[in-house]
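Input: a single structure, listed below in structure tokens.
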């Protein structure tokens with residue numbers, strides 16, 4: 001190797017090394033972050049004047065007494081989201097009532113549901129598709145898109161609660 005080429009090699013190596021360091025700094029938190037452990041329940045389409053809440057770990061569904069016959073009146077739909085499978089299924093109010101729920105926005109393991117959360121993957125964060133509305137489960141320096149059915153109704157997405165157990169009472 002000729003000593004005249006050393007400055008050229010260094011000049012090209014430093015930017016390449018910087019790019020690799022940035023990619024590693026962005027990608028490593030996801031590799032070492034714990035996986036989300038808590039499933040959650042959410043509702044969509046609840047423009048029919050139905051109030052969904054959690055009180056004492058139990059699901060409460062109340063009609064407000066106002067008729068939902070307007071343009072935006074849609075039936076209440078509840079979904080159970082499985083974090084391990086990244087899948088959701090529609091459930092009845094009765095089935096949802098069988099779970100103990102935690103209505104805190106942050107799960108017991110430190111994750112939150114966020115709308116249009118930025119990607120922590122450098123390449124897709126800059127050049128990737130930006131789909132609206134997109135929901136993510138974010139925490140511990142990572143963000144993962146959640147696959148939610150009912151795409152057309154997702155503007156009315158309402159987080160209900162983290163599933164912390166079964167209601168045996």
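The values are calculated or read from the model by the stated rules, or taken from the named source; none is laboratory data. Predicted model, so just to flag it, every value in this text is computed and none were measured. Virtual Cβ from ideal backbone geometry, glycine too; neighbours counted across all protein chains shown.
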Can you pull out every residue in region 105-123 that is modelled with pLDDT of 90 or more and either within 12 Å of residue 144 (Cβ to Cβ) or within 12 Å of the chain's Cα centre (by Cα) (or both)? 105, 106, 107, 111, 112, 113
Which of the numbered conditions does residue 97 fail, given that it passes all the others? Conditions: (1) modelled with pLDDT under 80; (2) over 16 Å from residue 35 (Cα atoms). (1)
When the residues of region 77-100 are filtered to those that are part of a helix (DSSP H, G or I) and touching a strand residue (DSSP E or B) at 6+ places or on another chain (Cβ under 7 Å), which remaining residue is nearest to residue 138 (Cα to Cα)? 96
Would you check if there is a residue in region 39-46 being at pLDDT below 85 and under 19 Å from the mean Cα position of the chain (by Cα)? yes
